[in-house]
Amino acid sequence: MFRKMSLVLLFLNSLLFYSSAIDLSDPLTVLGSTIDDIFQADSRPAEIFPNRGVEADEDNVVFYYDNGFYLFLFNNRVWQVRYDKTFSGELYKLRIGMSREDVLSGSLSQQQIPISSGEDFVTFELSQSPYPLRMKLYFMEGMLEDLYIYRADF
């Protein structure tokens, strides 16, 4: 009986461990994750480095992965995810290297209106609950070069 209970507890513990792991391919599930969550994921960062802000409360720790993917942490939680120009995948029907015109026409067809824009960026609201989520796209010479998804309450 003791042996069966031990096996059942071991099995349940492994299920809990597995279910708490995060999916790095879905940025919305990564936001708010802890350091433990990050290290339970299948992928490991290639680099970990500081990102100094103008003020001390703007400092971040950045986890960089080889595929152009970054996690920004503040107070031991992920608050921002970045995809740089080396990212080769697709995210929300967007690909690095797309023209600004294609990005905007695609967003309008999905009834997404930018909440702010400038010469080299466009920002979209993704969600309001449980906290505001935004996506900011940066363009160089009219082509998508960087994509950030972040908690706007940080």
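Residues checked against (1) open to solvent by 40 Å² or more (accessible area, probe 1.4 Å); (2) not in a strand (DSSP E or B):
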position	(1), (2)
Asp102	yes, yes
Gly106	no, yes
Glu119	yes, yes
Phe124	no, no
Lys136	yes, no
Tyr150	no, no
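Would you call Ile96 open to solvent by 70 Å² or more (accessible area, probe 1.4 Å) and aliphatic (A, V, I, L, M)?
Here the answer is no, as Ile96 does not meet what is asked.
Kindly indicate the residue of segment 45-68 that is without any contact (Cβ under 8 Å) to a residue 12 or more places away in the chain and small (Gly, Ala, Ser) and also surrounded by the fewest Cβ atoms within 10 Å (Cβ to Cβ) among those meeting that condition.
Ala56
State all residues of segment 59-68 that are among the hydroxyl-bearing types (Ser, Thr, Tyr) and at pLDDT below 95; if no residue qualifies, say none.
If the condition is that a residue be among the hydroxyl-bearing types (Ser, Thr, Tyr) and at pLDDT below 95, then Tyr65 is the only one that fits.
Hey, Ile96 hits all of (1) at pLDDT 95 or above; (2) β-branched (Val, Ile, Thr); (3) farther than 18 Å from Tyr70 by Cβ but one; which does it fall short on?
The single condition Ile96 does not satisfy is (3).
Need the failing condition index for Lys85 against (1) surrounded by 16 or more Cβ atoms within 10 Å (Cβ to Cβ); (2) touching an Asp or Glu at 6+ places or on another chain (Cβ under 6 Å); (3) under 19 Å from Asp26 (Cα atoms), just the number.
(1)
Checking Tyr131 against (1) assigned to a strand (DSSP E or B); (2) aromatic (Phe, Trp, Tyr); (3) within 24 Å of Asp59 (Cα to Cα), which test does it fail?
(1)
Within segment 82-100, can you find the residues that are hydroxyl-bearing (Ser, Thr, Tyr) and not in a strand (DSSP E or B)?
Thr86, Ser88, Tyr92, listed by residue number.
Ile22 passes all but one of (1) modelled with pLDDT under 80; (2) crowded, with 17+ Cβ neighbours inside 10 Å; (3) within 26 Å of Leu108 (Cα to Cα); which number fails?
The number of the failed condition is (3).
Here is a yes/no grid of residues against (1) modelled with pLDDT of 90 or more; (2) loosely packed, with under 12 Cβ neighbours inside 10 Å; (3) assigned to a strand (DSSP E or B):
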| site | (1), (2), (3) |
| --- | --- |
| Phe11 | no, yes, no |
| Asp36 | yes, yes, no |
| Ser43 | no, no, no |
| Tyr70 | yes, no, yes |
| Gln80 | yes, no, yes |
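The values are calculated or read from the model by the stated rules, or taken from the named source; none is laboratory data. Since the structure is predicted, the reported quantities are computational estimates derived from the model, not experimental observations. FYI the Cβ positions are ideal-geometry reconstructions off the backbone, even for glycines, and counts take in every protein chain you see. For accessibility, only protein heavy atoms count, side chains too; no ligands or nucleic acids. Shrake-Rupley method; radii C 1.70, N 1.55, O 1.52, S 1.80 Å.
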